[in-house]
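First comes the structure, then the notes that go with it.
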Amino acid sequence: MEILRNVTQINEKLIDLFGFKEEDLENFLNEIMDDELIKKTVENIGNLNDKKAELNSLRELIFQLQEYITPLCNLVKMLLYSKNYDLIYELITKIFVGQIGNIRYQSKTATNFTERYFDRFIEIVKNCKISSEAYIPFIASIFKTEKLDGIALWKRPALEYLQNFYNENEDWLLKFINTNPEQKYGILEAIVQFNTMKGVALLIDNFTNEQFEEELEHSLQIIKEHKRDILNYMDREMVSADEDKLEKFTQIMLAMDNDPEVVSRLKDLFDRTTLDKVKELISNKWGISETMNIKTEKQFLNAVRRKIKEPQERSLGVPFDNFHVKLKSGYPADNAVYTFIIYLFKEEKNLNNLEKLKILKTNILDEESLHEFAYKMFKVLSSKPDINQAKWCIRMFCLFADEELLKEIFEFLIELFKQGRNKEGRYLTLCLIHCGYKDIVNVFKRLLAIQNEYISENLDFFINELSRVTNCDKNELLDMLVPDVFTENEYNKQKLRLYDAFISGRLYTKDEFKHLFIDNPIYNELAKNLVFGEYKFGRLHNAFIVEDKQIKYLIGQALPEQEIEGIDGKVGIGIIHSLDCDFRYEKIFNYYDNPPFTQFKSINFDVADANRSNISVNRFIGTFVDAHKFIDMMKRYGFKINKTDEEIEFSSMVHEMPTLNLLTEVEFESKQTENSSTATLGAIRFYNLESTMKAKDKYITQKSNALSISAIPYRFYDFVLSAVYFSSIK
């Protein structure tokens with residue numbers, strides 16, 4: 001009677017969950033159902049996540065049967081074909097048996113109970129002879145998932161299984177990749193891990209011109225993690241590559257951002273290739289241009305005759321007769337010249353090349369008449385409902401603007417952002433940045449003061465671009481943004497910046513120091529509890545404090561005025577560090593009771609004591625730590641776990657120091673999870689931050705690229721080792 005009641009309940013749940021027909025119920029319990037019948041049964045059931053309780057109840061009822069293998073097989077197949085993959089994991093991990101069926105499977109890499117449940121899944125596959133078509137997509141989904149739990153916990157044994165499957169069924173798996181695009185990248189990611197060169201070749205060969213950008217985005221993490229192997233593969237293939245393949249290689253390298261190895265290859269390729277498409281791709285990214293080879297008025301006029309066969313008579317509805325542009329020689333511009341000027345700005349869409357067109361006003365055209373031309377075109381375009389309809393004109397009036405026009409452009413830009421015309425404002429901002437106008441920082445400051453949301457969210461991007469284009473220290477630009485009104489929030493924000501300046505050993509000129517620490521209310525408040533000094537050639541010469549906006553010397557006296565102005569380029573004012581002090585400075589160590597951060601402390605780690613030719617610090621190798629406490633403490637020092645969002649395991653923590661262009665990596669001797677209780681520390685290495693590739697917030701480091709200890713500033717070296725030391729104390 002009990003068995004009969006179980007069967008009845010199973011039938012009721014099958015009807016409720018999957019819409020079974022009466023004639024198919026007996027088949028479910030007694031024979032492995034035909035794949036086509038299962039596909040037909042589940043084709044319209046969709047996601048069953050809201051029916052987990054019913055599925056768990058069905059699983060329990062099935063395991064109460066004496067012969068549970070057949071219905072279990074049918075249930076798993078139904079979940080496989082309906083792509084309810086998370087529910088398969090839920091189902092399998094609640095099975096309380098050590099082996100399913102007669103065929104036993106045991107992963108060599110499974111080290112915990114969760115991973116061993118993957119073995120139970122494979123036993124179901126083997127005992128029930130489930131087809132590869134049904135379960136390989138499920139295994140591929142394990143590598144594609146962005147979750148940190150569930151099926152993601154099966155990655156290690158799944159990789160082992162797929163490697164063995166690939167070795168025995170390579171042709172089938174490659175055919176499957178080609179016919180199942182949604183599963184392709186999960187499988188390719190796995191193949192790259194266990195057969196790197198084959199995986200790299202498959203990855204690149206499977207890119208199609210039609211969907212290249214989408215495919216590149218899907219595989220970007222794989223590309224960055226296996227950069228060296230991919231570059232080696234492309235180096236070998238490039239010699240005989242056809243046009244399509246060379247274009248693919250170029251786009252793949254461009255996706256690797258600013259990596260020095262990639263940049264050198266791209267520049268070499270640009271010089272030797274004859275393919276216009278490849279040259280255009282590289283030019284658009286790096287600003288390498290052939291447009292402006294014109295250096296003189298004669299070359300300019302020759303180019304006008306060569307390029308302009310049918311001159312325009314007007315632009316944006318305005319006749320050229322309204323403008324009075326002249327050549328340097330004094331001759332007035334004709335319609336062909338105006339047409340060619342516009343052609344140049346239309347042709348040069350890459351903002352990295354924009355400044356090269358300055359040669360028009362320095363060598364070829366009369367500067368004052370160009371200013372007038374730019375002003376009139378600005379007036380025309382700024383009256384339009386969308387200025388992005390003529391981006392060439394934005395580029396032109398930004399480049400040719402004089403001081404008065406620039407003020408009007410800045411005011412117009414502020415109005416664009418106030419009105420929420422952010423797309424137009426963004427492009428105008430980027431044009432101004434690429435023209436090298438550092439004063440645009442004052443526009444950002446005014447918009448931040450009125451809490452403009454778009455600028456607040458995109459400020460880092462704009463400041464980074466301005467710093468890169470103008471070759472100006474990012475911190476100097478951020479100094480210009482410090483508000484003129486004291487608030488507690490801004491005080492705390494700037495205190496963090498000032499601590500970074502202290503650790504990096506930043507020096508300020510006399511004017512910078514006055515502007516910040518004397519005149520600005522926020523920095524003046526920070527300065528009240530710090531001790532400063534004047535440095536020349538790296539040596540501390542005196543010590544002073546700021547009281548009531550006045551400088552008071554505690555030790556020594558001011559350096560001569562001409563030296564402070566920085567004639568030798570080595571003089572500056574900085575926050576004093578313990579490592580800079582000899583016995584004369586001992587009396588200033590406890591001068592203030594409540595500094596904004598710890599300025600003076602005993603020094604445990606002096607870079608002068610290290611072997612400066614080493615590329616790693618091995619002092620903490622083998623140290624056992626409480627993993628939870630260590631990770632939490634390191635986060636307080638600004639370190640973060642080095643992994644992607646979808647990864648569970650990690651092998652290091654990293655610290656970014658843009659001011660010094662340094663990335664610090666503290667390694668663990670074995671892989672950890674955020675639930676690990678203990679860990680063993682490994683080496684500490686330092687890398688060039690800008691040259692270290694990043695994939696989904698994870699830094700891809702290579703030990704061969706590590707910097708020697710001699711390249712690490714002494715303050716930062718002490719900061720890093722102190723962070724590790726104090727975080728590791730139990």
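The values are calculated or read from the model by the stated rules, or taken from the named source; none is laboratory data. Note that this is a predicted model, so its numbers are computed, not measured. With ideal geometry, Cβ positions are generated from the backbone for all residues, glycine too; neighbour counts draw on all protein chains shown.
Worth pointing out:
Residue-by-condition table, conditions (1) among the hydroxyl-bearing types (S, T, Y); (2) modelled with pLDDT under 90; (3) outside the structural domain of E646 (by TED's automatic domain parsing); (4) closer than 20 Å to F668 by Cβ:
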position: T692; (1), (2), (3), (4): yes, yes, no, yes
position: A695; (1), (2), (3), (4): no, yes, no, yes
position: I712; (1), (2), (3), (4): no, no, no, no
position: Y717; (1), (2), (3), (4): yes, no, no, no
position: V720; (1), (2), (3), (4): no, no, no, yes
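- When the criteria are applied in full, K694 meets the requirement of being farther than 12 Å from S616 by Cα and under 23 Å from the mean Cα position of the chain (by Cα).
- Criterion: within 23 Å of L413 (Cα to Cα) and under 26 Å from the mean Cα position of the chain (by Cα) - qualifying residue of I450, I463, I503: I463
- Selected residue [of a type in the set (F, W, Y), exposed (fewer than 15 other Cβ atoms within 10 Å of the Cβ), touching a helix residue (DSSP H, G or I) at 6+ places or on another chain (Cβ under 8 Å) and in contact (Cβ under 8 Å) with a residue 12 or more places away in the chain] from F639, F686, F726: F726
- Which numbered condition P483 misses (of (1) closer than 24 Å to R636 by Cβ; (2) under 32 Å from the mean Cα position of the chain (by Cα)): (1)
- Residue, surrounded by the most Cβ atoms within 10 Å (Cβ to Cβ), within region 140-193, restricted to residues that are touching a residue at least 60 places away in the same chain (Cβ under 8 Å) and of a type outside the set (D, E, K, R): W154
- Test: G199 is assigned to a helix (DSSP H, G or I), more than 22 Å from the chain's Cα centre (by Cα), among the small types (G, A, S) and crowded, with 16+ Cβ neighbours inside 10 Å: yes
- Residues of region 474-522 that turn out to be of a type in the set (D, E, K, R) and under 23 Å from F462 (Cβ atoms), as a count: 10
- The set of residues in region 121-139 being surrounded by 18 or more Cβ atoms within 10 Å (Cβ to Cβ) and over 22 Å from K40 (Cα atoms) consists of F121, I122, E123, N127, I139.
- Restricting K346, K384, K309, K298 to those that are out of contact with any helix residue (DSSP H, G or I) (no Cβ under 7 Å at 6 or more places or on another chain), part of a helix (DSSP H, G or I) and at negative phi reduces the list to K298.
- Test: residue in region 211-228 that is farther than 19 Å from Q251 by Cα and of a type in the set (V, I, T): no
- Some residue of region 66-73 being under 24 Å from P181 (Cα atoms), surrounded by fewer than 18 Cβ atoms within 10 Å (Cβ to Cβ) and assigned by TED's automatic domain parsing to the domain that holds Q9: no
- Scanning region 87-139 for residues that are of a type in the set (D, E, K, R) and on the phi > 0 side of the Ramachandran plot yields one hit, K129.
- Any chance I455 is closer than 24 Å to E348 by Cα and buried (at least 19 other Cβ atoms within 10 Å of the Cβ): no
- Considering residues of region 311-330 that are closer than 16 Å to T362 by Cα and not polar (S, T, N, Q) only, the residue surrounded by the fewest Cβ atoms within 10 Å (Cβ to Cβ): G330
- Residue match in region 407-428 (condition: assigned to a helix (DSSP H, G or I), of a type in the set (S, T, N, Q) and touching a residue at least 24 places away in the same chain (Cβ under 8 Å)): yes
- Whenever a residue of region 543-560 is not assigned by TED's automatic domain parsing to the domain that holds N529, it has no partner that is buried (at least 17 other Cβ atoms within 10 Å of the Cβ) and not polar (S, T, N, Q) lying with C-beta atoms less than 7 angstrom away and at least six residues away or across chains.
- Take the conditions (1) hydrophobic (A, V, I, L, M, F, W, C); (2) at pLDDT below 85; (3) under 40 Å from the mean Cα position of the chain (by Cα); (4) in a helix (DSSP H, G or I); I45 misses just one of them, which is (4).
- First in region 41-52 and closer than 8 Å to S82 by Cβ, second anywhere and basic (K, R) and modelled with pLDDT of 75 or more, Cβ under 6 Å, 6 or more apart: none
- No other residue among L663, L681, L707 is in the same structural domain as V724 (by TED's automatic domain parsing), surrounded by 14 or more Cβ atoms within 10 Å (Cβ to Cβ) and in a loop (DSSP other than H, G, I, E, B) apart from L707.
- The condition of being surrounded by fewer than 19 Cβ atoms within 10 Å (Cβ to Cβ) and either modelled with pLDDT of 95 or more or under 27 Å from R468 (Cα atoms) (or both) does not hold for N675.
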